[in-house]
Every structure is written in C-alpha cells, then in structure tokens.
Amino acid sequence: MSAASETLILFTRAPRPGAVKTRLIPLLGPSGAAAFHRRLTEHALRAARQAAARRGTRLIVCHDGGGEEEMAAWLGGELDFLAQQAGDLGCRMRAAFSRAFAEGATRCVLIGADAPGLDAGYLAEAFARLAGEDLVFGPASDGGFTLHGMTARAFRRGTPHLDPGMPWGTERVLAEALGRLRDRGRPAALLPTLFDVDRPGDLAAAFEHLCRGPGRPWLTVVLPARNEAELLSTTIASLALGSHPGVEAVLVDGASRDRTREIAAASGLRVLAGEPPRAWQMNAGAALATGDVLLFLHADTRPPPDYPAIVRRVLDRPGSAAGAFRLGIDAPARSLRIIERGAAWRSRRFGLPYGDQGLFLRREVFWEEGAFPPLALFEDFAFLRRLRRRGRIALAPAAVATSARRWLRLGVVRTWLINQLLVAAFLAGVPPRRLAAWYRSGAAAQAFPVDGR
C-alpha cells in the first residue's frame, strides 16, 4: 500500500443482520437495520472517495465483523482495507491512527459511517484545520463526535482521549475527550456540529441527506411480500416501471418459501430478504427508498394504470397528509361490491383506509410520524390513526384491484365478520400478537360457521 501525507480512514462494520444498527432493529427489523447500515456506509464512502480524489489522500476502510474479501466484494476491491483491532472504540481508533502514521502519513482523519450530513467539503475542512492545528473534532449533536483528526506530532505526544475509561456510547464522549486534552494543555479545533443516526427519531433528518441528487426517482413503491410467487408477476407488470419515469419499486420479502425473491429480482426490482412482521418489511423498504413519495402496495394488489399522476394530484391537495385508493376486489361477486362501498364510506368518514388500498404519503411525513409501529397485526390501522392528526387521509378517485382469494376462500360474510371482530378486539386493547396468532391458527374462521360451513 502506497504512503501519502494525508490518510482518511472510514470506520464501519460488515452489514450482518442483528449485529449493526441494533437500536433501529425494533423499527426496521434485523435485515432492514443491516440494509440501512449498508446505505449509510455507501453514502459515507462516496463522500470519502470524492475528498480523497480531490486531495490525493489515501483512503482506508477500517472494518469489523467481516473479512477483507467480504468487504471488498461489497465496497470495491480497489480500496485498502484494515481490520479493526480488539478492544473498545478508543483502542480501535488508536490502532488505526498508529497504522496510518507508521506508513508515512503526517495528517490523518477518521470518520464513522453514521453521519449522512458529512460530505467531501466537510472532510476537506478537517484536513485544512490540521495544517495549522494538531487535533480536530467533528461534533455530533448527541454529544459524541462524527470525525476525529490529528497530526503525527499529536499522536506521538499521546492520546489520553482514547485511553480506557472513556464513556463511549453516551452524550459525554466529546466533552470528556476535550477535557482530557485540555488538562494536558492540548487544544482541539471544532468543526460544525452534525447529527448521526443511532435511533428511530434520527431517521427523518437522515433521509434529507441520503435522498439528494439529480436523476433519482420521485416515487418509490414499497412491496411487502411473503410467498407471493403466484400473483407477483402480475402486480409488477401493473406497475409499468418502464412507462413511468421517476418511479422505482422495492420488494421486501418476509421469509418466503417460494420464488418470490427470484421473480422480483428478475423483473428488475430492488429486493431485500427481510423477515415478518409486515411492519418491519414496509419500514425497511422505506429505509431503502430514494423517492420523495412512498406508496405501500401489497404484493397481490394492482394499482390503477395512471397511479403516479393520481398520487401526485391527491398529495397536492391542500391539507392532505396522505392518500389511498378506493378498494377494488378482483372478483365479480355482487357481495364484494357491497364490501367495496363500505370500505369507501369508512375511508371517507373516518380517514381509515386499510393497507390493501395502497397507502401513499411523502417520505418526510412517514418518518416524522414514526413509521409503521412494529405490530404483528394492524400496523397500518395504528399508523393511520396517528397520521390523521397531521391532516386529511384523502381517498383517490380510482381503485386498486386486490386479490379476492381470501374473500372467496372463507366466504364474503365470514371474512367481513372476522375483520370486524379483529378491529373491535384491537380497539379494546387485545395485543396484536395474540390477534395474529388467533387469526393464523384458523380459529378466526372456525368462530363463524356461515355460508353453509
């Protein structure tokens, strides 16, 4: 590896479900949190590459939780990789600085992958400050720091702020680091404060940075799916992605045992192998989206042909917090028309369309309102009840076409009765996990012996 007077080190981890972004797992699920970590790292690496190319700076990816081959397959084989040493964060940072200075660097900046506001300009400023000062920090809004730089001279004088006993992971990190240095008469320069992404409440601001740039889609269709190989191709075809510029689709699978993922990938969709419940799948899909508007569509539901234009018109109405399509059930039975009219009345009267109607809203509204709660059932119902405080849930003039298989399998009257009982139980406080188990066990159908059953 060639030496350079400046070295930039990106600290990150292999994106393994359950091992990264653990504070986001309750909202995104293990796979969704890992996928979001990938997105953050790739965003940080783009900024690092831009800064390194402009300055002739050496770039190193210092990794944990995976081997060099795994990291190179993910981030690019042309990069220099360095495995993080054992120990706490201070020990690992000190070892990375030591390696850079031992190989000829005179100035070194180390960054994490959690600050989406960090860009090439910010990195250039850090190196510029090191031309006249020995230490620089990029403060984080939570009390830590997103960037730390030092000169070789500063490293030789010691690193008390990286010694054992630092309160890593708390809001006291930067203050403690500056205090230890100040006690030894060593001032440090401070860059503008950035936020980093650790908790669900940080996500709304994160996407303001992650979704910038020309040429990206304005609408992302999020498809949660599980064992939908039979109907998925028809749904994907109905999206007509090639005919609607500015529209992308993301499918998040919920541990399917059929060819759901393969069909989606072959159709050009972005695919994430996730896990149930559906709330995790939809939130994870939203975390991968690049569009300003999100459309959550069940994998057995087809939108109307001109759905992008309809979504835009509905959301442009003053006072609209979100929208949904009219319910259309894909079977000719007259009784299903009654169900459709009832769904339209419920949607208009109470602002509570169900998830099979295709919910759409602006990305910032979705994250500011906390995304779908991670419930085993009724995640859409609970989210919409909260969202109504923000504005009207508008009903679009066109209908989706959702599969009639459940209505036909159980019978229209029985299915309607089960739905009403589940809603009443949910509103009465019965835990959604218990309701989901009751429904999936078949007990719900047995409770209503109608239609000659």
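The values are calculated or read from the model by the stated rules, or taken from the named source; none is laboratory data. Computed from a prediction, not measured in an experiment: that's the story for all the values here. Backbone-built Cβ (ideal geometry, glycine too); neighbour counts: all protein chains shown.
Residues that are assigned to a loop (DSSP other than H, G, I, E, B) and either at pLDDT 95 or above or of a type in the set (A, V, I, L, M) (or both) within segment 375-391 comprise Leu375, Ala376, Leu377, listed in sequence order. For segment 131-162, the tally of residues that are out of contact with any Ser or Thr (no Cβ under 6 Å at 6 or more places or on another chain) and over 26 Å from Arg23 (Cβ atoms) stands at 16. Scanning segment 99-142 for residues that are free of Cβ contacts under 8 Å to residues at least 40 places away in the same chain and closer than 19 Å to Cys62 by Cα yields Arg99, Ala102. Consider only pairs whose beta carbons are under 7 Å apart and that are at least six residues apart or on different chains; among these, list those whose first residue lies in segment 186-198 and is of a type in the set (Gly, Ala, Ser) and whose second residue is crowded, with 19+ Cβ neighbours inside 10 Å. Partner pairs satisfying both residue conditions: Ala188/Leu135; Ala188/Val136; Ala188/Phe137; Ala188/Leu178; Ala188/Leu181; Ala189/Arg129; Ala189/Leu135; Ala189/Val136.
Scanning segment 344-373 for residues that are part of a loop (DSSP other than H, G, I, E, B), under 24 Å from Asp202 (Cα atoms) and in contact with a Phe, Trp or Tyr (Cβ under 6 Å, 6 or more places away or on another chain) returns a single hit, Phe372. Applying the criterion of being assigned to a loop (DSSP other than H, G, I, E, B) and among the charged types (D, E, K, R) to the residues of segment 235-287, the residue that is nearest to Arg16 (Cα to Cα) is Glu275.
The criterion of being farther than 25 Å from Leu387 by Cα, in contact with a helix residue (DSSP H, G or I) (Cβ under 9 Å, 6 or more places away or on another chain) and of a type in the set (Asp, Glu) holds for Asp253. Is there a residue being over 30 Å from Val271 (Cβ atoms), touching a Gly at 6+ places or on another chain (Cβ under 7 Å) and part of a strand (DSSP E or B) anywhere in segment 189-200? Within segment 189-200, one or more residues are over 30 Å from Val271 (Cβ atoms), touching a Gly at 6+ places or on another chain (Cβ under 7 Å) and part of a strand (DSSP E or B).
Of the residues in segment 74-84, not one is aliphatic (A, V, I, L, M), more than 18 Å from Leu45 (Cβ to Cβ) and either assigned to a helix (DSSP H, G or I) or modelled with pLDDT under 95 (or both). Is there a residue being more than 30 Å from Pro164 (Cβ to Cβ), surrounded by 24 or more Cβ atoms within 10 Å (Cβ to Cβ), of a type outside the set (Val, Ile, Thr) and modelled with pLDDT of 95 or more anywhere in segment 45-55? Within segment 45-55, one or more residues are more than 30 Å from Pro164 (Cβ to Cβ), surrounded by 24 or more Cβ atoms within 10 Å (Cβ to Cβ), of a type outside the set (Val, Ile, Thr) and modelled with pLDDT of 95 or more. Here Phe11 does not fit the description of being assigned to a strand (DSSP E or B), free of Cβ contacts under 8 Å to residues at least 60 places away in the same chain and out of contact with any Ser or Thr (no Cβ under 7 Å at 6 or more places or on another chain). Checked against the criterion of being assigned by TED's automatic domain parsing to the domain that holds Ala44, among the hydrophobic types (A, V, I, L, M, F, W, C) and touching a His at 6+ places or on another chain (Cβ under 6 Å), the candidates Phe137, Phe127 yield just one match: Phe137. Evaluate the following for Gly66: is it in contact (Cβ under 8 Å) with a residue 24 or more places away in the chain and either part of a helix (DSSP H, G or I) or closer than 21 Å to Ala105 by Cβ (or both)? Spelling it out, it is not the case that Gly66 is in contact (Cβ under 8 Å) with a residue 24 or more places away in the chain and either part of a helix (DSSP H, G or I) or closer than 21 Å to Ala105 by Cβ (or both). Among the residues of segment 99-146, write down those that are over 12 Å from Ala47 (Cβ atoms), of a type in the set (Ser, Thr, Tyr) and either surrounded by 21 or more Cβ atoms within 10 Å (Cβ to Cβ) or in contact with a Lys or Arg (Cβ under 6 Å, 6 or more places away or on another chain) (or both). If the condition is that a residue be over 12 Å from Ala47 (Cβ atoms), of a type in the set (Ser, Thr, Tyr) and either surrounded by 21 or more Cβ atoms within 10 Å (Cβ to Cβ) or in contact with a Lys or Arg (Cβ under 6 Å, 6 or more places away or on another chain) (or both), then no residue fits.
Conditions (1) touching a Lys or Arg at 6+ places or on another chain (Cβ under 7 Å); (2) among the aliphatic types (A, V, I, L, M); (3) surrounded by fewer than 17 Cβ atoms within 10 Å (Cβ to Cβ); (4) without any contact (Cβ under 8 Å) to a residue 24 or more places away in the chain, marked per residue:
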| site | (1), (2), (3), (4) |
| --- | --- |
| Leu231 | no, yes, no, no |
| Val250 | yes, yes, no, no |
| Arg257 | no, no, yes, no |
| Leu294 | yes, yes, no, no |
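For beta carbons closer than 6 Å, sequence separation of 6+ or different chains, a first residue in segment 268-280 that is free of Cβ contacts under 8 Å to residues at least 24 places away in the same chain and a second that is buried (at least 17 other Cβ atoms within 10 Å of the Cβ) and of a type outside the set (A, V, I, L, M, F, W, C), the qualifying pairs are Val271/Arg261.
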